[in-house]
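One structure is given here, and the rest of the page talks about it.
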Amino acid sequence: MPSKNQSKSRKTSPRVSPNLAKVESSPSPVVPPPATTIKPPTAQAKHEQPAYEFLGHLPDSYGTKKLFLVPRDPHILFAYWDLSPEQYQEASRAAHDGKVFLELYVLGEGRVQQIHVWDSHKNWYLQVNRPDTGFVAQLGYYRSDGGFEVIARSAEVRTPRDTLSPNTDARFVTIPFHVAFRELFDLIAAQVQPGEELAETLARLQRHDFQLPFHARIPRDLTPKESEDLLEYLGDAEVRRRMVGSFEITEILRKRFETLLSSGQWTSSAGAWITSVSSPFGASFGRERGFHMHVNAELIIYGGTSPDAKVRIDGHDITLSKDGTFSYHFVFPDGQFHIPIDATSADGVETRSALLSFLRMTELEGDVRKTAQPELDEPMGRK
């Protein structure tokens, strides 16, 4: 059994002399002197904008109270206005109902749209579906006396036509790129008429076979034989009845195929071709999926009154059923319609009236076609 002294000696670590520790231990690593702070390479100094070029931040509004109206296309107008939040709040406080409105008028007809706008609104798209029509817009509010206080009024604008221009006086000219402008001018300078542009002179000379040192392509009309062959290929009576251009021919073909598709007389595999006709980026490449959708809308107006009463819809007499009921079935295209309905008692003493207003705005995305429907009249009261 070990003694207490032996146990104590086991627990105590052996002593090592300083000299022995210095000999047996591995040499201490050499610590490099502290490195001096290394500055990054001096890159080209960042270009600072001169003070005179900074014009300040643009304000949210200049408070000019101006209203602008522009046509985006034959069917949509775009309105934007400059009204500060303070000016809007001032107008809403003066309004009897606290509302500010954007109103749209058709020249010679009256108001066709009214939109409640907020101080956060700065612009608005207006779908009108009225090609070649004059419009004017105004911004304002209704006073306590019922009058409309105009804050801003736009200039008169007109939506463009959605048909081809009746001006068919197109002129074509061949301008050679290999001939210097000075050389071309010297060739025809003596032929220029007063007030005539250089291109107009060159086009006139080419039409009259003026001798030029380059070949000019002269456009010509189709011969009767070529026109007949084209119409025979199209095989469309509508094309034969009218003088149409290439765009109208494309539209006629597209509508014809849409009719065939919606009526089931054509397979859905033709959908990609129709889409590519209506939009150059509409057709999808690769395997045709055949997925599509068709949708349409119709309008039914119905009601009733005394069987012996006289009913008029938009000024047209309506035949009543034996029990005094009536109904009318219309197609419902895009547009705004205000249809007045009046019922007058048999003795002419009493009258009841109603004004039905409808607005259809269709937005299509992808291959969406019109559902076939029977031949129906358009709604009355188109605005």
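The values are calculated or read from the model by the stated rules, or taken from the named source; none is laboratory data. Since this is a predicted model, take the numbers as computed values, not measurements. Note that we place each Cβ from the backbone using ideal geometry, even for glycine, and neighbour counts take in every protein chain shown. Side chains included, ligands, DNA and RNA excluded: accessible areas come from the protein's heavy atoms. Shrake-Rupley method; radii C 1.70, N 1.55, O 1.52, S 1.80 Å.
Remarks
- Residues that are of a type in the set (Asp, Glu) and in contact with a helix residue (DSSP H, G or I) (Cβ under 9 Å, 6 or more places away or on another chain), drawn from the range 113-155: Asp119, Glu149
- Flag for Phe68 being open to solvent by less than 20 Å² (accessible area, probe 1.4 Å) and not in a loop (DSSP other than H, G, I, E, B): no
- In summary, strands (runs of 3 or more DSSP E) completely within the range 93-199 and bearing 3 or more residues that are of a type in the set (A, V, I, L, M, F, W, C) occur at 100-106, 110-117, 134-142, 148-153.
- Pairs, first within 14 Å of Gln206 (Cβ to Cβ) and modelled with pLDDT of 80 or more in the range 168-185, second open to solvent by less than 100 Å² (accessible area, probe 1.4 Å) and not in a loop (DSSP other than H, G, I, E, B), C-beta under 6 Å, six or more apart: Val173/Ala199; Val173/Leu202; Val173/Ala203
Okay, residues lined up against (1) among the β-branched types (Val, Ile, Thr); (2) assigned to a strand (DSSP E or B); (3) surrounded by fewer than 16 Cβ atoms within 10 Å (Cβ to Cβ):
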{"residue": "Val311", "(1), (2), (3)": "yes, yes, no"}
{"residue": "Asp323", "(1), (2), (3)": "no, no, yes"}
{"residue": "Gln336", "(1), (2), (3)": "no, yes, no"}
{"residue": "Ala343", "(1), (2), (3)": "no, yes, no"}
{"residue": "Val349", "(1), (2), (3)": "yes, no, yes"}
{"residue": "Leu359", "(1), (2), (3)": "no, yes, yes"}
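- Listed by first and then second residue, the pairs linking a residue in the range 119-132 that is in contact (Cβ under 8 Å) with a residue 60 or more places away in the chain to a residue that is among the polar types (S, T, N, Q) and surrounded by fewer than 13 Cβ atoms within 10 Å (Cβ to Cβ), with Cβ atoms under 6 Å apart and 6 or more places separating them unless they lie on different chains, form an empty list.
- Condition broken by Met293, with the remaining ones in (1) of a type in the set (A, V, I, L, M, F, W, C); (2) open to solvent by 60 Å² or more (accessible area, probe 1.4 Å); (3) closer than 30 Å to Gln113 by Cα satisfied: (3)
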